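In what follows, a structure is listed as C-alpha cells, so that the remarks can point back to it.
None of the figures in this text is laboratory data; all of them are computed from the coordinates on show. All of these numbers come straight from a predicted model, not from anything done at the bench. With ideal geometry, Cβ positions are generated from the backbone for all residues, glycine too; neighbour counts draw on all protein chains shown.
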Amino acid sequence: MNWQLKRFHELTIDELYAVLQVRFTVFVMEQQCLYSEIDGKDQTAYHLFAEHAGEIVAYARIYYTADNQIAIGRVLVEKDNRGKGIAQELLERAIAFIHKELEETTIKIQAQEYLQEFYGSFGFVPISKVYLEDNIPHIDMIYMRA
C-alpha cells in the first residue's frame, strides 16, 4: 500500500481524476446520494490517499472550514478493501498529520451516524443531534487533543 499526502496543486491529473472517480463511486453511486461533489474545498485541502495496484483504495480530505476549524471529510475506503484495517490507518495518519504538521489540537468531522462508534474509538465525541444531510443521517463530532 502506497500512502500519499498532497496539496491540490501537487496532484497529477491522473491522481485528481482517480480521487474524483473513487469519491463519486462511493458517495454518489454506492450510497445513491446526489450532492455537490465539486464543492470548492479541494483546492485548499490536503488529500490523503492510499494506492494499491494503481487504484485509490482509501481517501480523506483535510481542510479548514469557513470558520477556520480543521476538518476531515470525504473519508472513504473502496468497497472491496473494507474490513482490512485501512480505515483505521487512514484516520490515524490524518490525525497525526493534523497534530504534527498543522499543529492543530481540535478536529471537526461530519460523520455518517452509523460510523459514530468508529470515530468515537479515536476520541471524537458528538456535538450535535443526528440530522439528515443528503438524506443520510449524520452527526457532527469533534476531537480535542489535551
What tally of residues in the stretch 58-116 results from selecting those that are among the aliphatic types (A, V, I, L, M) and closer than 16 Å to residue 140 by Cβ?
9
Scan the stretch 1-16 for residues that are of a type in the set (A, V, I, L, M) and part of a strand (DSSP E or B) and report the count.
1
Subset of the stretch 116-141 (residues that are among the aliphatic types (A, V, I, L, M) and crowded, with 17+ Cβ neighbours inside 10 Å)
139, 141
Residues that are in contact with an Asp or Glu (Cβ under 9 Å, 6 or more places away or on another chain) and crowded, with 17+ Cβ neighbours inside 10 Å, drawn from the stretch 12-49:
18, 19, 22, 23, 26, 27, 46, 47, 49
Inspect all residues belonging to the stretch 57-67 and state whether any of them is at positive phi, exposed (fewer than 12 other Cβ atoms within 10 Å of the Cβ) and in a loop (DSSP other than H, G, I, E, B).
no
Determine which single condition residue 54 fails, assuming it passes every other condition in (1) of a type outside the set (Ser, Thr, Tyr); (2) within 25 Å of residue 13 (Cβ to Cβ); (3) within 12 Å of the chain's Cα centre (by Cα).
(3)
What strands (runs of 3 or more DSSP E) lie completely within the stretch 70-146 and have 3 or more residues being β-branched (Val, Ile, Thr)?
70-77, 106-112, 136-144
Those residues of the stretch 17-42 which are of a type in the set (A, V, I, L, M) and outside any helix (DSSP H, G or I), in sequence order
34, 38
Can you give me the number of residues within the stretch 1-11 that are in contact (Cβ under 8 Å) with a residue 60 or more places away in the chain and surrounded by 15 or more Cβ atoms within 10 Å (Cβ to Cβ)?
1
Kindly establish whether residue 109 is under 30 Å from residue 17 (Cβ atoms), touching a residue at least 12 places away in the same chain (Cβ under 8 Å) and touching a helix residue (DSSP H, G or I) at 6+ places or on another chain (Cβ under 9 Å).
yes
